[in-house]
1. Write down Rg/Rh for region 211-417, rounded to two decimals, with Rg from the C-alpha atoms and Rh from the Kirkwood relation over Cα pairs.
2. Taking 60 Å as R0, compute the FRET efficiency from the Cβ-Cβ separation of residue 38 and residue 368 and round it to 0.05.
3. Using only the C-alpha atoms of region 511-658, find the volume of their convex hull and express it per residue in Å³.
4. Quick check of the Kirkwood formula: for region 541-624, what is the inverse mean of 1/r over all pairs of different Cα atoms, in Å?
5. If contacts are Cα pairs under 8 angstrom and at least 6 residues apart, what is the relative contact order of the chain in percent?
6. Debye sum, Cα scatterers, region 431-502, no solvent: what log₁₀ I/I(0) at q = 0.14, 0.15, 0.20 1/Å?
7. Give, in nm to one decimal, the length gained when the segment between residue 335 and residue 266 is fully stretched (0.36 nm per residue of separation minus the Cα-Cα distance).
8. Using only DSSP helix segments of four residues or longer, with each worth -39500 (n - 2.57), what per-residue ellipticity at 222 nm results for the chain after dividing by its residue count and rounding to 500?
């Protein structure tokens with residue numbers, strides 16, 4: 001089927017033809033034939049790189065150009081949302097019937113915001129959690145949405161993210177029963193069940209633009225599931241590395257999945273020296289320049305220096321311990337073919353699109369805290385294997401599981417290569433998971449009675465898979481809980497959220513988190529300090545996993561906590577009464593202590609070294625703390641604790657930037673963060689007015705400032721810039737030499 005033959009708006013056809021899309025892939029043809037252009041819902045389950053996104057783009061543009069309405073594109077992760085946003089932006093040159101161009105918006109953060117500005121966009125790319133937050137605020141432009149695209153719909157199976165996606169879809173269908181839904185996935189066993197839930201047609205196919213060969217590696221020989229074999233040259237003692245090097249020698253790239261962060265780093269380190277000799281001189285020179293970008297992107301740390309060193313040798317590692325900017329740089333370098341071998345943890349498999357000629361699963365077990373090493377699911381394996389084969393570059397992609405013994409090779413063949421992925425099951429019926437969704441259903445006006453709440457949850461995938469009666473008991477228990485804690489009021493048959501309950505829902509926090517915060521604020525510690533509030537938010541379930549203490553830290557942390565116990569909102573548990581509670585407390589205290597050091601301007605490198613953490617973990621804690629400090633400030637306003645609310649607001653600003661309070665006036669200027677702010681302050685520029693009266697020459701000569709930023713700062717504080725300086729910044733050399741990146 002050809003693009004020209006499709007019943008879609010002419011501007012869409014012309015645009016696709018101009019970017020060399022003329023013929024549809026088989027899965028795309030099947031999707032069109034299923035009736036999506038006639039408004040039918042569809043679940044499209046086809047392998048990675050088989051063209052699912054183009055189906056969404058064609059359908060979305062058809063909605064926009066035929067005045068059907070707006071499009072919401074749901075993603076499970078921020079990184080994936082950013083990637084899809086960049087993909088959709090290419091369509092911004094297409095004009096709508098009213099003469100305006102197609103517009104694309106992105107929103108992934110700030111859960112306590114209605115984001116009314118999104119209403120001006122035709123395509124809104126967002127995460128499932130942000131969409132849930134927007135729905136709680138009842139944004140006006142939702143009535144204009146006519147199409148929802150759900151990426152990675154199989155993640156309904158995920159215990160953390162799945163319930164939110166399920167509720168978001170149920171809410172959207174509740175608001176607009178005529179809404180068209182396009183659900184995308186690479187692997188779904190019970191696709192008909194999901195399609196029935198969404199009242200959709202479904203298309204399943206194993207077709208791929210690049211043929212996938214799956215096998216197991218034992219020593220130096222690959223055994224493929226089609227019965228063929230292949231020998232690998234032995235270069236090192238590690239068969240995983242030998243296979244990756246063989247891939248590079250043949251002109252490909254390899255993606256190696258390791259079970260832990262440590263394993264991924266160690267593999268990259270072992271690969272580096274062997275790989276370097278295979279690189280051409282031009283690539284080596286290019287990689288040196290790319291490594292410099294990594295060093296300049298953030299405050300320099302041991303991790304960034306080590307990562308940059310690996311990049312110069314053509315390899316790198318990728319895991320959640322890296323900061324976002326480093327992950328993006330590594331992803332771009334791999335896409336560009338500059339990094340030849342990338343080691344990664346399995347989280348990459350459900351994230352951004354990074355195809356490789358060869359995917360190697362170094363270890364099929366994954367560490368689960370509290371349980372030990374467990375084999376990955378077939379679904380997880382299929383997600384990793386789906387990365388094999390680069391469209392337009394490879395005719396064949398390989399997915400190889402590494403085995404250590406013949407018995408293990410047989411096990412991997414039977415249980416992964418020759419097996420189907422597991423069924424997808426709803427994870428909604430867990431009290432701590434569903435609690436906030438029950439509250440938001442009432443607080444946002446989606447239901448006003450107990451019957452109405454039950455009717456809403458009848459729309460979920462859980463109710464479709466089981467029945468509403470199996471979840472009614474949990475919902476009833478939660479309603480009683482919310483009433484007992486003054487988040488709901490009952491008037492006859494009507495349920496009404498209290499002011500407190502409504503605000504908790506809008507803040508997008510667990511009702512239990514709100515109660516912990518509220519109850520604690522009513523019983524202030526003897527000394528109220530920043531540590532008091534930092535330790536308070538650590539006690540909430542929304543904070544996520546704490547930075548656990550190592551055995552050698554326990555005594556020191558216990559002594560420090562005892563020294564500061566007057567500042568804490570709760571009693572310190574004793575290890576001989578409840579050792580588990582004591583260990584949990586130490587994790588909370590350690591995490592709070594990290595943030596306290598952060599706002600005292602301890603360097604990132606010192607923090608990661610002192611507390612044995614990685615930069616990505618530090619920034620995860622910072623992001624979660626900002627969200628919960630904002631919520632704490634807002635809840636303290638409700639309780640008329642204005643002084644406490646003000647203290648927390650200032651603390652939140654300091655956590656956001658990692659600064660002492662004296663730098664607050666400076667870091668509110670665009671382009672100034674903790675590093676530049678401290679440089680300015682120590683040189684005597686301690687307020688915006690000091691910058692206003694300073695000369696451009698003085699500012700330009702400061703480390704890390706430069707002419708371009710100096711002019712930007714002077715404009716922000718209301719200074720007039722001399723004409724000769726404005727002419728000077730048009731010099732391309734000046735623009736290229738100076739960087740606006742801030743640490």
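Where a number appears in this text, it was derived from the coordinates with a stated rule and is not lab data. For clarity, every value in this text was computed on a predicted model and none was experimentally measured. Ideal geometry is used to build each Cβ from the backbone, glycine not excepted, and the neighbour counts take in all protein chains shown.
1. When Rh is taken as the Kirkwood radius, the ratio is 0.95.
2. The calculated FRET efficiency here is 0.85.
3. So the per-residue Cα hull volume is 105 Å³.
4. 13.4 Å
5. 10 percent.
6. -0.37, -0.43, -0.76
7. Extra length from residue 335 to residue 266 when fully extended: 22.6 nm.
8. -14000 deg cm²/dmol
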